1. Taking 0.36 nm per residue of separation and subtracting the Cα-Cα distance, what length does fully extending Lys162 through Lys84 add?
2. State, to one decimal in nm, how far the label point of Lys397 lies from the label point of Arg445, with both points 7 Å from Cα in the Cβ direction.
3. Give me the percent relative contact order of the chain, please, defined on Cα pairs under 8 angstrom at least 6 residues apart.
4. With the crude spin-label approximation of a point 7 Å out along Cα→Cβ, what separation in nm comes out for Gln456 versus Ile360?
5. Top to bottom by accessible area (1.4 Å), largest first, where do Trp370, Trp550 land?
6. Taking 0.36 nm per residue of separation and subtracting the Cα-Cα distance, what length does fully extending Lys120 through Leu147 add?
7. Tell me which residues come under 5 Å, amide H to amide H, from Tyr5 once H is placed; ignore anything under 5 positions away on its chain.
8. How large, in percent, is the carbon and sulfur part of the accessible surface of the range 112-261 at a probe radius of 1.4 Å?
Amino acid sequence: MRVLYLHQYFNTPEMPGGTRSYELARRLVSAGHEVDMITSQWQTKNSDKKTWFQTNESGINVHWLPLPYSNKMSYRDRIKAFFKFALLAGPKARSIGADVIFATSTPLTIILPAIYAAKKNDIPLIFEVRDLWPEIPIAVGALKNPLAIFASRLLERFAYRKSTHIIALSPGIKTGITATGYPETQVTMIPNSSDLDLFDVDHRVGLEIRRQHKWLGQRPLIVYTGTLGLVNGLEYLVRLAKATLAIDPEIRFVVIGSGREENEVRHKAEQLGVLGVNFFMLPDIPKYEIPKWLSAADIATSLFIDLEALWANSANKFFDALAASKPIAINYGGWQAKLIKEANAGLVLTANNPTSSAKILAKAVTDKHWLATAGESARRLAVDRFDRDKLASKLEKVLSRAFQAKKVRSSRSYRTIKRSIDLVLATLGLLLTAPITIVVALIIRMSMGSPVIFRQTRSGLHVAPFTIYKFRTMASSRNKNDDLLPDEERLTSFGKFIRNYSLDELPAFLNVIKGDMSLVGPRPLLTSYLERYTPEQQRRHQVKPGITGWAQINGRNTISWSDKFKLDVWYVDNRSLKLDIKIMWITLIKVLKQEGISAQQHATMPEFRGDNELNECTPD
């Protein structure tokens, strides 16, 4: 499988910053896949490159675009950098042949070249969401213009709608995605991970770090490694150091990193009289140097400003601390706070009271027994729940599933002609059946009330979700427990009539015109079925779903799910214009004869349960 990986700010271990994309990509390479990384050379201080160039990083084919970027840039300049990369990365991504695209935010604009390349090359797109955007820029006040907010929300929903599958980095991010209406079954939570081997260093490495810095020596050390941005709120750590100075002046705090708020943090530390006393600031270091400092540290920290929107974060520094067997101290709630408390792997400090937090921290950092116990618990969490190897394998399965479902394309002429036929016949169908459509809609409205149109999320091409439209055929009758009655009891006499003549499918012509469906193809089924398919059955999603198909003219609802899927896959492998015309002609005859409407002893087709075909009914 060839994976096209898009990440605007890709880092190797020799660079400062997170290396999630590097670690996942190199594991995909180790598993036998080919990976092309589209990224920017954003740290361009010593570069003479002016245009795209390529390197090989641990087997990853990395395509770099020189494009300066820094967290110290204004928000306006950062937005410009986002869109410039999106504009230039699209053609580059399109030029690289691949089986699947994996695009990771931030920024959200990474989805634009990904969608462009996926559409032009007709391959599935997996989108990784690292932060809920634009919720966070809005929450911190970085995005205020109503028009910009509206456009950002449109882009967010557009990104989700065009994705075959989505990777969320935390439970909160997954919740935010599904809240937009995206099917939960097509969102997989793969958090940031712990690089167990990288952080398993000899304790003497930490001792050497302590020896090199006279201000540290054998004193207790609390460390922060990462960006000094607006959302990180490092002023909190400065105030924590000030409060701790009065409790125990031997305790040391060190901040390693850079960012837009670096000067403000330094100024605040000077103002409070802690800079160079018990609070120290060091510049960015490469990722491979971080384990040395965590080895020297007693407690690691992950900090954010007091804003609930940030609780869904999946910060690298949290998982690095776990891998290094160090207690982690955070000042926010959410899923990480819950983990720490349940595992006794660190401290959850109050966000708005550095004085009380300083007392807790000073006691913990000088308690050797607690440090050892909490460190062991942290490492156990890393091994059991956040091992990078295990989570990379989980990603590989998602990508492979999308690859399995990728459309095995016929000639371009067939695709073009088929789409033209779909548009012409679906439009004619809507026009010619308009009187019937109006009558059917009126009868449903008078007999069953609203809604007239049945809408439901189904799986389409490359398992991408879409909303199918059909005429409603069932009442909303419920039992005393407020559960819907069985289909056979809710199916009205008129509903049965329009199902017999397939009149309930008339609104689906809109799906064909929109491009969600074709006139001919496997029937679109529920998104909940996706995880129940065998790899062979998944292949039915290599083509657009249809209003009618090979299975529909060879038994429809009177044959088993297994046989139906075999017929669907046969169509995928043998489709042609001649076969499509044959299917449409036979469909017309079958409709007039009212054949294959219901499964035996059922009003509709029983629900597909994988290998266990239980007789619970669901509409086709």
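1. On the way: separation 78, 0.36 × 78 = 28.08 nm, distance 2.11 nm.
Length gained, Lys162 through Lys84: 26.0 nm.
2. It is 4.9 nm.
3. On the way: 1122 pairs, mean separation 64.4, N = 620.
Taking the mean separation of contacting Cα pairs over the length of the chain, I get 10 percent.
4. 4.9 nm
5. On the way: Trp370 60, Trp550 40 Å².
Per-residue accessible area, sorted high to low, gives Trp370, Trp550.
6. On the way: separation 27, 0.36 × 27 = 9.72 nm, distance 2.96 nm.
Extra length available between Lys120 and Leu147 comes to 6.8 nm.
7. Excluding prolines and chain starts, which carry no amide H, the hits are Asp36, Met37, Ile38, Phe102.
8. Working: 3430 of 6240 Å².
The computed percentage sits at 55.
The values are calculated or read from the model by the stated rules, or taken from the named source; none is laboratory data. Because the structure is a prediction, the values reported are computed rather than measured. For neighbour counting, all protein chains shown are included, and Cβ atoms are generated from backbone atoms with ideal geometry for every residue, glycine included. Please note that ligands, DNA and RNA were not included when accessible areas were found on the heavy atoms of the full protein model with its side chains. Shrake-Rupley method; radii C 1.70, N 1.55, O 1.52, S 1.80 Å.
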